[in-house]
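The values are calculated or read from the model by the stated rules, or taken from the named source; none is laboratory data. The structure presented is a predicted model; accordingly, all values stated were derived computationally and were not measured. Methodologically, a virtual Cβ is constructed for each residue, glycine included, from the backbone with ideal geometry; neighbour enumeration extends over all protein chains shown. With ligands, DNA and RNA removed, areas are computed over all heavy atoms of the protein, side chains included. Shrake-Rupley method; radii C 1.70, N 1.55, O 1.52, S 1.80 Å.
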Amino acid sequence: MSARRLPALLTRVFLLAFFALVVTGLFVAYPFPSWLVFLPLVLAWVAGIAGGRLASRDLKAARREAVEVLPPVTGRWSAINSPADRVPSHGVHTYGQTYAIDIVAEKQEKQEKQERQAGQAGQGGQDAEGAAEGTAERPAFAWLWPLARRPEAFPAFGAPLFAVADAKVVTADDTQRDHLSRNSLLGLAYLLLAEGELRGLAGAHRVFGNRVVLDLGDGTYAAYAHVRRGSLQVRAGDTVRAGQRIARCGNSGNSTEPHVHFQLMDHPDLDRARGIPFRWRGVGVPANGEAFTAEGAVSPG
């Protein structure tokens with residue numbers, strides 16, 4: 001087993017042991033001092049710290065220059081959790097997220113909305129139902145109500161995602177559902193205190209949700225997370241051209257609202273990957289809250 005994967009695995013094992021002990025204690029008396037119940041939790045924390053330090057050491061030893069690629073979207077977007085503001089951008093090095101970025105669509109133009117709906121209706125099933133919905137404006141954070149919104153209420157939902165370079169598809173999965181938003185006070189608390197922890201225990205595939213991983217060559221891989229269910233237009237093993245449409249933005253996995261999570265990394269296995277800095281051609285690396293317009297070279301397909 002890789003040394004990179006061991007801390008993450010131990011963290012999940014210790015957390016599972018802690019939850020198991022807590023549940024067991026609801027029905028039977030512990031045959032040991034009750035404070036020992038928290039020992040796995042402490043060990044999980046230690047394993048997490050060790051994993052973070054190991055990742056930091058590895059990054060310093062294998063520091064790479066930023067790789068320039070096309071933006072994975074077109075149109076008007078805003079950045080959140082950007083590596084332009086802090087590294088690691090998401091607070092952790094795990095799953096190769098050191099230089100990851102999240103972007104949200106603030107507004108959907110009328111023509112763009114009509115094009116998305118036409119494409120979604122052509123997919124049938126859930127997408128056809130969602131094609132009649134959607135919004136032109138991104139809903140604001142709700143302190144009290146509504147507790148959650150359907151993903152179709154956000155302009156990013158259903159936005160096409162494009163290959164950032166000529167590449168080979170390594171991973172392509174779109175079987176997980178697109179859940180309701182978590183952009184209210186109670187919804188966010190639920191995500192941070194319960195759902196997020198459970199997804200972390202389940203592993204990277206539940207955190208990233210539906211995802212695509214592309215092999216760009218030279219030991220560089222691009223990952224797209226939270227992809228819309230049933231929207232993949234590629235399969236593992238396919239070769240894609242820069243600008244080719246590969247999927248649509250969704251709200252699967254550990255996500256508060258429909259958005260694009262993008263990152264470059266040095267390995268296709270998220271448990272082993274280390275982050276690689278990126279730079280989007282014509283855009284750079286937008287800072288948190290910075291709006292930008294992406295005009296990628298769109299390829300047929």
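Details
- Largest accessible area first, the residues 46, 260 order themselves as 46, 260 under a 1.4 Å probe with ligands, DNA and RNA left out.
- Accessible area, probe 1.4 Å, largest first, for residues 147, 270: 147, 270
- Between the C-alpha center of the range 134-168 and that of the range 242-301 there is a gap of 14 Å.
- Sequence ranges 276-283, 178-185, 154-161, ranked by mean other-Cβ count within 10 angstrom, highest first: 154-161, 178-185, 276-283
- For residue 68, residues with placed amide H under 5 Å, excluding near neighbours: 279
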